[in-house]
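To start, the structure under review is shown below, and the notes come after it.
Just so it is clear, none of the values below were taken in a lab; they were calculated from the coordinates. Note that the structure is a prediction, hence the values are computed from the model and not measured. FYI the Cβ positions are ideal-geometry reconstructions off the backbone, even for glycines, and counts take in every protein chain you see.
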Amino acid sequence: GIDIRYAIAASLISIVATSSGAAASYLRDSLTNLRLGVLLEIGTVTGAIVGFLLATYIKARFLFLLFGVFLLFSAIMMLRSRGEHISTKNHPWADKLNLDSVFPDGIGGKIAYKIENVPVGLFLMFIAGILSALLGIGSGILKVLAMDGAMKLPIKVSSATSNFMIGVTASASAGAYFLKGDVRPEIAAPVSVGIIIGSYFGAKLMVKLPAQLIRKIFVVVLAIVSIQMIMKGLK
């Protein structure tokens with residue numbers, strides 16, 4: 001087997017590769033909201049630091065169960081939602097920071113969207129950071145849920161902005177592993193090459209897919225991850 005340090009380092013490099021592979025396409029198509037992503041990263045990073053400090057005092061098993069049930073509930077709620085909600089009102093913070101933007105409709109036009117509940121979104125990113133540190137998992141799913149559910153962003157914008165954010169977070173962690181000498185090119189390189197190609201074509205495809213189909217795909221992913229979390233909690 002592979003040493004756990006090398007496996008974690010390769011995993012982080014692959015996350016950076018995923019983010020990078022899709023980033024060019026998402027940015028060109030105005031799907032990634034960079035201003036919002038940078039703002040929300042403040043909450044995620046702060047939460048990750050708190051989670052790291054709490055790790056010694058909290059049992060991960062209980063959190064896996066709680067997280068799994070929450071994701072399953074979120075999947076059911078997303079499945080029941082009807083159509084894509086495009087917000088038409090900005091939170092005052094979104095106005096001051098100029099966070100609202102536009103995204104492509106898939107047929108050559110642009111759709112304007114506003115951003116609601118910015119403080120709630122920041123708080124949820126803080127929680128996502130804590131859970132990520134405590135459970136040793138990526139918080140991309142939680143970020144999409146926060147942006148889609150609380151901040152009322154379109155699902156395509158939520159997914160693309162989350163992709164940018166996890167790339168930023170993973171880059172910092174991967175850099176630390178690189179400095180320690182744990183990044184092995186023979187492990188990380190083959191994984192990254194395949195992921196970059198796949199994520200690039202996936203990003204191109206997402207622009208063209210209907211929002212409702214993307215939502216359904218996300219629900220399936222949520223359900224699978226929730227079952228995995230519950231099983232880990234029950235072990």
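Relative to the longest principal axis of the Cα atoms of the chain, the long axis of helix 118-135 makes an angle of roughly 20 degrees. From the coordinates of this entry, volume of the Cα convex hull per residue in Å³ is computed, and it appears in [x] 142; [y] 128; [z] 105 under the label [y]. Backbone amide hydrogens, once placed in the peptide plane, bring I111 within less than 5 Å of F103, D105, excluding anything fewer than 5 places away on its chain. Taking the Cα centre of segment 4-234 as reference, the dipole from Cβ charges on Lys and Arg (+1) and Asp and Glu (-1) amounts to some 320 debye.
A dipole drawn for segment 4-234 from +1 and -1 charges on Cβ atoms has a positive end, and of A23, L54, G68 the residue lying farthest that way is G68.
Rounded to the nearest 10 degrees, what's the angle between the helix 155-179 long axis and the longest principal axis of the chain, both from Cα atoms, 0 to 90? That helix lies at roughly 30 degrees to the long axis. Considering only C-alpha atoms, what is the centroid distance from segment 84-110 to segment 7-78, in Å? What the calculation gives is 22 Å, centre to centre. Spatially, segment 154-179 and segment 182-235 are offset by 13 Å when compared through their Cα centroids.
Close Lys pairs in the chain, defined as Cα atoms under 22 Å apart and 8 or more places apart or on different chains, number 29. Working note: 222 nm ellipticity from helices only, DSSP H runs with n ≥ 4, each -39,500 (n - 2.57), summed and divided by the residues of the chain, gives -24500 deg cm²/dmol to the nearest 500. Can you check what the net charge comes to around G121, using other residues whose Cβ is under 12 Å from the Cβ of G121 (Lys, Arg +1; Asp, Glu -1)? That works out to -1.
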